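Report on one structure; see the data block that follows.
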Amino acid sequence: MFNRFTRAARDVVLRAHEEAAALGHGGVNSEHLLLAVAAGGDLPPSLGIDEESLRAAVKAAPGDELDGQALATIGIDLDAVRRSVEESFGPGALTGRKRRRRRAGHVPFSASAKQALERSLREALALRDRNIGPQHILLGLMSETDRGVVQALRSCGTSPGAVRAAALAARREAA
Amino acid sequence: MSEATQLADATSSRDPAVGLAAVAALRALLESLERLQVDNARERGWNWQQIADGLGVSRQAVHKKHGTRRLIGRRS
């Protein structure tokens, strides 16, 4: 798949690693990819998303993929679990953040990030584009079921649907 | 969390999408907790048999799952 990535798309992936590492998150999640797209200047300007507020939103997220909302449906308070675990094992213990940070430079891709990159390939195919660029990564990230992305966008006052529409509109204009 | 709880109440508890998402989330939480506890036990010098007994599984199972993970301060 990666041999179809343009230079700019590879830069997005590298940048996502750097963003995740800089935030001290244990893995590269889809929201780090989104942040990398924004940092590369590849968000549709019409959305008016500020890179720094997006970074703040991603920073505030726990940096793992535990689904507090789904757990709440069966009566489990994830925040309470996190608190009690961190009381004994320190901040970030549940996410493995502390532990993984010591392994120099190695920040693995999460399932959400992998799925988003796979979708970017499908987006390129659907648009009949030969290569995968930052725009396809952006479109691949815009899934309503991706919690990290949905939450980060919500903090910036937008949604995957709106970003997707803006990205496709910008593409039509450029054509 | 109250917002999430309200959301949960609003959705039918018989909705498979809700139920399956809860199971998936619980599994992810379980895996995180297991990794944390096994690593802690190893750091404290527990052997695989002791850890397996604690988890109620076979020594082979726990070693296969966690044996390849490198621990802090045990880098060889």
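Here are some notes:
- Taking the listed residues B:Arg27, B:Arg42, B:Arg14, B:Arg35, the one that is charged (D, E, K, R), over 25 Å from A:Glu86 (Cα atoms) and within 14 Å of chain A (Cβ to nearest Cβ) is B:Arg14, with no other qualifying.
- Filter result for A:Ala116 (more than 21 Å from A:Glu51 (Cβ to Cβ), touching a residue at least 40 places away in the same chain (Cβ under 8 Å) and open to solvent by less than 10 Å² (accessible area, probe 1.4 Å)): no
- Helices (runs of 4 or more DSSP H) (entirely within the stretch A:1-84) containing at least 2 residues that are within 12 Å of chain B (Cβ to nearest Cβ) and at pLDDT below 90: A:68-72
- With respect to the conditions (1) more than 14 Å from chain B (Cβ to nearest Cβ); (2) modelled with pLDDT under 90, A:Leu125 lacks only one, and its number is (2).
- Between B:Asp15, B:Asp53, B:Asp9, the distinction of being modelled with pLDDT of 90 or more and of a type in the set (Asp, Glu) belongs to B:Asp53 only.
- Residues in the stretch A:141-157 that are modelled with pLDDT under 95, in a loop (DSSP other than H, G, I, E, B) and within 13 Å of A:Leu34 (Cα to Cα): A:Ser143, A:Asp146, A:Cys156.
- Residues located in the stretch A:108-117, provided they are over 15 Å from A:Thr145 (Cβ atoms) and either part of a helix (DSSP H, G or I) or not hydrophobic (A, V, I, L, M, F, W, C) (or both): A:Pro108, A:Leu117
- Selection within the stretch A:118-140 - hydrophobic (A, V, I, L, M, F, W, C) and not in a helix (DSSP H, G or I): A:Leu127, A:Ile132
- If the condition is being surrounded by fewer than 14 Cβ atoms within 10 Å (Cβ to Cβ) and of a type in the set (D, E, K, R), then the stretch A:147-175 contributes A:Arg154, A:Arg172, A:Glu173.
The values are calculated or read from the model by the stated rules, or taken from the named source; none is laboratory data. Keep in mind that what you see is a predicted model, and the values were worked out from it rather than measured. Ideal geometry is used to build each Cβ from the backbone, glycine not excepted, and the neighbour counts take in all protein chains shown. Each accessible area value is taken on the protein alone, full model and side chains, heavy atoms only, with ligands, DNA and RNA left out. Shrake-Rupley method; radii C 1.70, N 1.55, O 1.52, S 1.80 Å.
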